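Contents: one structure, followed by commentary.
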Amino acid sequence: MKRFPLMLFMAFLALVLAACQSGGPGAEDFGLAGTWEAELGTEKQNSGTLKTKGQVTFSGNTYKYSWHKKLIAEDGSVVYDWSETSRETGSVSVSPEYMEWTANSYGTAEYNEGTQSWSAVDMKSTTNDYAIYYTLEGDKLTLKEDYNLDGDFDDVIGMPETVVYTKKE
């Protein structure tokens, strides 16, 4: 009879470990799976107009967040088209209206003036945590992150604290 409590405990422990390994509900469980994109800004420069966009991809319990740039010369010609200039990858934990991102790698690309092109993104190990509130309405995903921790989501610190993304795939 002493074996029964031990076997019961072992079964419980196996269930707990299996639940932890699965990582809990994934992006698919909340309709977030896929690629989402948003224009983050346009800036006039001496060399033309620089456009920036962000692209976030959710799959299971992972995310990839990429930043892309496009430079349009004064005469309207494209100096370089949408080029990935930085990327972050990691795990995501999702619940209704709230998610946490834990980055495990981040990288940037280098711009070569001579060839007017970007290098491949050079990824390095990193650890950062992000608390993000979200709303999903059809093909629109709004992400809100309080970068400066002032209790609101209406500031622009490099990029806006509130960004509306459109589903791409």
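The values are calculated or read from the model by the stated rules, or taken from the named source; none is laboratory data. Please read these numbers as outputs of a predicted model, since none were measured by experiment. Every residue, glycine as well, gets a Cβ built from its backbone with ideal geometry; the counts of neighbours run over all protein chains shown. These area figures cover heavy atoms from the full protein model, side chains too; ligands, DNA and RNA do not enter into them. Shrake-Rupley method; radii C 1.70, N 1.55, O 1.52, S 1.80 Å.
Summary of computed values
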read-out	value
Test: residue in region 82-94 that is out of contact with any Cys (no Cβ under 8 Å at 6 or more places or on another chain), open to solvent by less than 60 Å² (accessible area, probe 1.4 Å), at pLDDT below 95 and not in a loop (DSSP other than H, G, I, E, B)	no
Lone unmet requirement of (1) under 22 Å from MET123 (Cα atoms); (2) open to solvent by 20 Å² or more (accessible area, probe 1.4 Å); (3) in contact (Cβ under 8 Å) with a residue 24 or more places away in the chain for THR35	(2)
Within region 117-143, tally of residues that are of a type in the set (D, E, K, R), out of contact with any Gly (no Cβ under 7 Å at 6 or more places or on another chain) and modelled with pLDDT of 95 or more	3
Tally of residues being surrounded by 14 or more Cβ atoms within 10 Å (Cβ to Cβ) and more than 22 Å from TRP36 (Cβ to Cβ) across region 65-81	4
Filter pass, THR62 being open to solvent by 60 Å² or more (accessible area, probe 1.4 Å) and either at pLDDT 95 or above or in contact with a Leu (Cβ under 9 Å, 6 or more places away or on another chain) (or both)	yes
Count - residues of region 129-154 that are exposed (fewer than 14 other Cβ atoms within 10 Å of the Cβ) and part of a loop (DSSP other than H, G, I, E, B)	8
Flag if ASP154 is under 28 Å from LYS70 (Cα atoms) and modelled with pLDDT of 95 or more	no
Residues that are aromatic (Phe, Trp, Tyr) and surrounded by 15 or more Cβ atoms within 10 Å (Cβ to Cβ), drawn from region 95-110	TRP101, TYR106
Evaluation of GLY114 against (1) in a strand (DSSP E or B); (2) over 23 Å from GLY34 (Cα atoms); (3) modelled with pLDDT under 95 (one fails), failing number	(1)
Selection within region 40-53 - surrounded by fewer than 16 Cβ atoms within 10 Å (Cβ to Cβ), closer than 16 Å to GLU161 by Cβ and either modelled with pLDDT of 95 or more or out of contact with any strand residue (DSSP E or B) (no Cβ under 7 Å at 6 or more places or on another chain) (or both)	none
Criterion (more than 26 Å from TYR133 (Cβ to Cβ) and within 19 Å of the chain's Cα centre (by Cα)) met by exactly one of GLU84, GLU43, GLU39	GLU84
